[in-house]
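Read through the structure below, which is laid out as structure tokens, and then see the notes.
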Amino acid sequence: MQVGNYPGDDPDEQLRRHLENSIAGFIPPRFRAEIELPKPAVEWAANGHNAGGLYLTGPVGVGKTHTAYAALAAWCRATNTTPFMAGYDHNYGVTNRYGPTVHVVRATTLLDQLRPGADGAREIVSDCQRARLLYIDDMGAEKPSEWTQERLYEVIDERYVACRPLIVTSNLPPKSLADHVGERTASRLAEMCELVPLTGSDRRRPQ
Ligand SMILES: Nc1ncnc2c1ncn2[C@@H]1O[C@H](COP(=O)(O)OP(=O)(O)OP(=O)(O)O)[C@@H](O)[C@H]1O
Ligand SMILES: [Mg+2]
């Protein structure tokens, strides 16, 4: 009689399940349903750690955020990355902070976290710079100051020089972005990102 021959004993299968559970737990409930990814987003995710940026743009309610999360999930599968946020380890009375593998932040929240004098701004900048994948939601919805534009530039430039993957969603086409994020950040995003316009009506309002 074989011992331990259960379907769940296959290590590859266990890893795959762990990854799927981690992805499902990471994505907010509203955006967990499977949707069809646009082809450029499928190709972007398949590039794994060599993926550049993905810029999803379109009008309100067209599905940018949902598509971004679906692309994030596809990227995690392509790279075998378990997505987790920053946190703290407590070992033998010593507390260590660890950074996120995948960092998701709303642009308005990010700029609030980075305002002058805000607590932990350095760590947030570093998380955004160093996460394996950064997703900034709703870029251009914020009213940044020169100071917050500089912080955002620090984030984007670091990822630009290191060629780290990025997802951005925005109501704005890239050419209108410079007024919100500054010329230097907008220029880098234009070079880094695959532009994916989403069209259609507001999915929140049944026609
Ligand atoms: N491809 C899709 N198929 C079915 N439902 C979708 C799809 N994409 C998005 N949705 C649903 O449509 C609604 C709006 O999507 P979402 O929030 O992603 O839009 P958005 O473009 O990010 O809007 P906003 O500009 O206001 O941020 C959500 O309930 C979402 O789950
Ligand atoms: Mg959105």
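The values are calculated or read from the model by the stated rules, or taken from the named source; none is laboratory data. None of these values were measured; they are calculated from a predicted model. A quick note on method: Cβ atoms are made from the backbone with ideal geometry, for glycine too, and the neighbour counts reach across all protein chains shown. Ligands, DNA and RNA are stripped out before the accessible areas are found, and what is left, the full protein with its side chains, is counted by its heavy atoms. Shrake-Rupley method; radii C 1.70, N 1.55, O 1.52, S 1.80 Å.
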TODO: Could you grab the pairs with beta carbons closer than 7 Å, sequence gap of 6+ or different chains, first residue in the stretch 57-72 and under 9 Å from Thr199 (Cα atoms), second one more than 6 Å from ligand 1 (Cβ to nearest atom) and open to solvent by less than 10 Å² (accessible area, probe 1.4 Å)?
DONE: Thr57/Ser170
Task: Pick from the stretch 181-207, criterion of a type in the set (Lys, Arg) and under 26 Å from Asn47 (Cα atoms), ranking: surrounded by the fewest Cβ atoms within 10 Å (Cβ to Cβ) - done: Arg184
Open item on the list: For the stretch 183-207, which positions are outside any helix (DSSP H, G or I), away from ligand 2 (no atom under 16 Å from the Cβ) and modelled with pLDDT of 95 or more?
Closed with: Cys193, Glu194, Leu195
- [ ] Name every residue in the stretch 124-152 that is acidic (Asp, Glu) and not in a loop (DSSP other than H, G, I, E, B), in order of residue number.
- [x] Asp127, Asp137, Glu146, Glu150
Open item on the list: Exactly one condition in (1) modelled with pLDDT of 95 or more; (2) touching an Asp or Glu at 6+ places or on another chain (Cβ under 9 Å) is false for Thr148; which is it?
Closed with: (1)
Task: Residues located in the stretch 124-137, provided they are in contact (Cβ under 8 Å) with a residue 40 or more places away in the chain, open to solvent by 20 Å² or more (accessible area, probe 1.4 Å) and within 18 Å of Thr185 (Cα to Cα) - done: Asp137
Task: Odd one out for Ala178, checked against (1) without any contact (Cβ under 8 Å) to a residue 12 or more places away in the chain; (2) open to solvent by 40 Å² or more (accessible area, probe 1.4 Å) - done: (2)
Open item on the list: Just the residues that are open to solvent by less than 30 Å² (accessible area, probe 1.4 Å) and assigned to a helix (DSSP H, G or I), please, taken from the stretch 110-123.
Closed with: Leu110, Leu111, Ala121
TODO: Filter the stretch 55-98 for residues that are within 18 Å of Leu37 (Cβ to Cβ), away from ligand 1 (no atom under 14 Å from the Cβ) and open to solvent by less than 20 Å² (accessible area, probe 1.4 Å) and give the result.
DONE: Trp75, Cys76, Thr81, Pro83
Open item on the list: Criterion first (within 16 Å of ligand 1 (Cβ to nearest atom) and not β-branched (Val, Ile, Thr)) does Gly117 satisfy it?
Closed with: no
